[in-house]
Structures are given as structure tokens and as C-alpha cells.
Amino acid sequence: MLAMLAKEPAYGYELRSRIRAALGPLGEAMNAGQVYVTLARLAKAGLVTSQRTEGLPDRPDRRVYALTPAGQQRVAAWLTEVSWPKPDLGEFHLKLVAAAAGRLADPVALVDAQRRELLRRLREAQRAALDRSVDPVAGLLLEGVVLRLRADLEWLEACERAWTERGRIQRKAKP
Amino acid sequence: MSESALLRARGVTRWYGRGSALVRAVDEVDLEVPAGQTVAVMGPSGCGKSTLLHLLGGLQRPTDGEIWLAGHRIDTMSERALARMRRQHIGFVFQSFHLMDELTAVENVELAALLAGQSPRRARRRALDLLDRVGLADRATHLPSALSGGQRQRVAIARALSNEPLIVLADEPTGNLDSAATLEVLRLFEELRTAGQTLVVVTHDARIAAIADRMISMRDGAFADDSRFAGAGNGSAAGTGTIYGGWR
């Protein structure tokens, strides 16, 4: 949510539609209440500030939310962190979307960093799997790890293709 | 530029076509491979990685730039000198093996040595040694058609090693192999790496990249990422939890 605010300040409902646009069908599950509760918590934690703006006559006062410097730092740290604690594709996908939308980082560079990390893990798992002295049952677990990592790496390749292509189109659009 | 690099490329560029149909398959690539390093070059199909490998091995000439192997500049060499260089100092491994169907495994392996002028007896002894090293001593007299894909690729790797090449260049060596056969080839590359063989592998198989000392990502004919992996793995089976934390 912080990352979705990084591009520019937004009203709560705008923020919600940004998240929905970024996540596609997976974002439908998020309701307006969750957005406001989370914003309130983030404000309490000092990562977000809000300002009341003049409401239109037929609408109540509304708040525009923006990142504090601490919030910005938090987003920057999140983008560059390469841990893959669980196969959380949604979170990584959001990083790419947020990085591109807010011009915070080059999504392709994030993919590269992530790939380095996954290759490092694949390397460890595979070295272990290639060792002939490994007990076959333990080897089975290693094989599973290798297969998971290969699937993740394949998906990163798809991400790389798509974001490289988008970057190319955007560069062409404004020379 | 360091003097110790076995293979050096500087500003290497290769174009295809001309005018509006001009394609920069390889675009000003700089590369230094020190002796003993295993390098994996990865990238989507069409990124120029195979062309790069052909340029490095003297199978094609660059449109621009310089390529040096063991202190010799190969991009401007005469065709004859280049052919000798390839025969004597470069081992090639291809996706589709390129074995001679009429020759047995051992004959395929010794052929390169015979062409390079070695005595038949010496060439045969070396070929048998190599087949033993790739685990195919008992298949020496088989024709390629009697071997599995993984076995054929291992014969092709033995052949690539027959002249004790300075460098082995491999183009998608596991592209046509199932996963068990890929494991055989991976094991072999890992042994070569440990033995200090210089190796450049172009691949989209992450498993190969995972045994390399260094991984280069290529996009649109240029290097987009170049990462070195610190230290050789010790092959220990411990610590799987940290390898894939959340998968339990």
C-alpha cells in the first residue's frame, strides 16, 4: 500500500483503485474498509500523513494521503530487498508495478536482483543434489526445492520479457 | 584490460541485414574470461547469446570489435589459421550433439585428435580415457543411434575435450535432454569446473547457470547483468531450509 502511494498522494478510494489495477482479479478481494483501517495504522506508525481537503458541496470532507520521509525510505528498502521468504508472487509483482508507476526503480533491475538471489539458492540446492553421497530420500527434498526454484526463475523470465517490452514502448513514446 | 584473461572480447558487434532490416545481434560486448572460470550466458531466445558464442569460437566473424584467445587475435586471422586454432584449442558442444552417425563413440571422440595430427594409437588411448571420464567406457564401440540423448551428449563432451582445449564453448548443451540426462551433463560440467577447465555455456537452463562461477544475462545483444558467485559450493546437503525458506 505504501508503494502505491509513492507515485503521488491519493485519496483513499484512489489508492484502492490503484491497488486493484495493479493486482487485477486478485485485488478484488480488498474492500474499502481494509484500505482505511490500514491507512490509519500506517499514519500511527508515522509512515503516512494525511491532509483534509475541501470537500465538494455534495461530498463530505476527504483526506489526501501521502508518504512521510520514513514511508519513502520504507518503500525504497522494500523494493531492493531480495528475500523470497515464501513463494509470494503477488508481493513481487506489486514491487514491479509500484517501481514502474512511481519511477522508483527500474523493474527489470529488480528482476535481475531477484534472479541473482534465486540462482544463488538454486546453486546451493543443486550442488547438494549432484552429490552422489546424498541419501535418496533427502535427495527428493532437494529435487523439490530445485523444481520450485526453476519454476520461479521461469516466471522471472516472463516478468523480464514483459517489463523490458514496456520500457521499450515508453522510451519510444517520449523520445 | 587484465593480461591474465584467457579469452577477451572488446566492443564485439555483429550485425545482420542492412538498412531498416538491420539487426544488431551482438552489440558492443566486452568480456574477459580468466582461465579456469565457468561462465553461463543466459537470456531469452533471440538475445544474441548463440551468435556471441559463435563469434568467440571463431565460427563467425564480428562486424566490429576484437577477440583474443590466449594472446592471439582471432577475428582477423586467416581462415586457415582460424581453423587450426579451433581444432587445437577450442572444444565445441552443441545442442544437437553433431556426432557422426557412421562412427562409434570412440571413433567420434578420436576423430578430432586424428585430424589434428596425433598418432592413431595415442588418439585411441586418449579417446578411451575420455569416455571413461564421462562414464561411458562400456559404450565405446556403440554407434550414436544405440545411445540415449544424455549418452550422446556425453560423447560429444568427450570429443570436445579430446585436444585438451584451452576453452570449451557449449551452446544449449541440455536443450534436447530430459531431466535425468541433464543431470548427467550437469555432473560432468561440475567435474570440469572443479578440474579447472575454462568453460563458456550459452543456455536458458537455470540449472546450468547454477553450477557456473559467473552468470551473465544478455538482452538485445548486450550484457544486462554480470554476477559472480563467491566461492565454490561444498556440496553439503545441509541447510535446505535456507535455500528455499518458505517451502516446508
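Looking only at residues of the stretch A:118-154 that are among the small types (Gly, Ala, Ser) and assigned to a helix (DSSP H, G or I), we find that the one that is surrounded by the fewest Cβ atoms within 10 Å (Cβ to Cβ) is A:Ala151.
Within the stretch A:110-136, residues that are more than 8 Å from every other protein chain (Cβ to nearest Cβ) have Cβ atoms under 8 Å from residues that are among the basic types (Lys, Arg) and part of a helix (DSSP H, G or I) in these pairs: A:Leu110/A:Lys95, counting only partners at least 6 apart in sequence or on another chain. As a summary of the residue check, A:Asp106 satisfies the conditions (1) facing another protein chain (nearest Cβ under 8 Å); (2) modelled with pLDDT of 90 or more except for the one numbered (1).
Every listed requirement among (1) free of Cβ contacts under 8 Å to residues at least 40 places away in the same chain; (2) surrounded by fewer than 19 Cβ atoms within 10 Å (Cβ to Cβ) is met by B:Leu131 save one, (2).
Residues that are assigned to a helix (DSSP H, G or I), under 18 Å from the mean Cα position of the chain (by Cα) and either polar (S, T, N, Q) or over 15 Å from A:Gly102 (Cα atoms) (or both) within the stretch A:1-38 comprise A:Arg16, A:Ser17, A:Arg20, A:Leu23, A:Gly24, A:Pro25, A:Leu26, A:Gly27, A:Glu28, A:Ala29, A:Val35, A:Thr38, listed in sequence order. Taking B:Leu59 as the residue in question, decide whether it is of a type outside the set (Asp, Glu), in a helix (DSSP H, G or I) and surrounded by 15 or more Cβ atoms within 10 Å (Cβ to Cβ). Criteria not met by B:Leu59.
Of the residues making up the stretch B:152-183, those that are surrounded by fewer than 20 Cβ atoms within 10 Å (Cβ to Cβ) and in a helix (DSSP H, G or I) are B:Ser179, B:Ala180, B:Ala181, B:Leu183. Here B:Ser4, B:Ser20, B:Ser78 are screened, and the one residue that is touching a Pro at 6+ places or on another chain (Cβ under 7 Å) and without any contact (Cβ under 8 Å) to a residue 40 or more places away in the chain is B:Ser4.
Among the conditions (1) buried (at least 21 other Cβ atoms within 10 Å of the Cβ); (2) more than 18 Å from the chain's Cα centre (by Cα); (3) modelled with pLDDT under 95, B:Val106 misses just one, which is (3). A Cβ distance below 7 Å, combined with a sequence gap of six or more or placement on separate chains, defines the contacts here; from the stretch B:24-45, residues that are closer than 20 Å to A:Asp112 by Cβ reach residues that are of a type in the set (S, T, N, Q) in the pairs B:Val26/B:Thr13; B:Val26/B:Thr51; B:Asp27/B:Thr13; B:Glu28/B:Thr13; B:Ala40/B:Thr203; B:Met42/B:Thr203; B:Met42/B:Ser217; B:Gly43/B:Ser217. Residues that are without any contact (Cβ under 8 Å) to a residue 12 or more places away in the chain and in a loop (DSSP other than H, G, I, E, B) occur in the stretch A:155-174; there is at least one.
Report, by residue number, each residue of the stretch B:109-128 that is small (Gly, Ala, Ser) and either surrounded by fewer than 18 Cβ atoms within 10 Å (Cβ to Cβ) or in contact with a Pro (Cβ under 7 Å, 6 or more places away or on another chain) (or both).
Result: B:Ala116, B:Gly117, B:Ser119.
If the condition is being within 9 Å of chain B (Cβ to nearest Cβ) and over 17 Å from A:Ser83 (Cα atoms), then the stretch A:148-175 contributes A:Glu154, A:Glu157, A:Glu160, A:Arg161, A:Thr164, A:Arg168. Scanning the stretch B:135-187 for residues that are among the acidic types (Asp, Glu) and in contact with a Lys or Arg (Cβ under 7 Å, 6 or more places away or on another chain) gives a single hit, B:Glu184. Taking the stretch A:39-60 as the search range and keeping residues that are in a strand (DSSP E or B) and of a type outside the set (Ser, Thr, Tyr), which one is farthest from A:Gly71 (Cα to Cα)? Residue satisfying both the conditions and the ranking: A:Arg52.
The values are calculated or read from the model by the stated rules, or taken from the named source; none is laboratory data. In this text, all values refer to a predicted model and were calculated from it rather than measured experimentally. Positions of Cβ are backbone-derived with ideal geometry, glycine not excepted, and every protein chain shown enters the neighbour counts.
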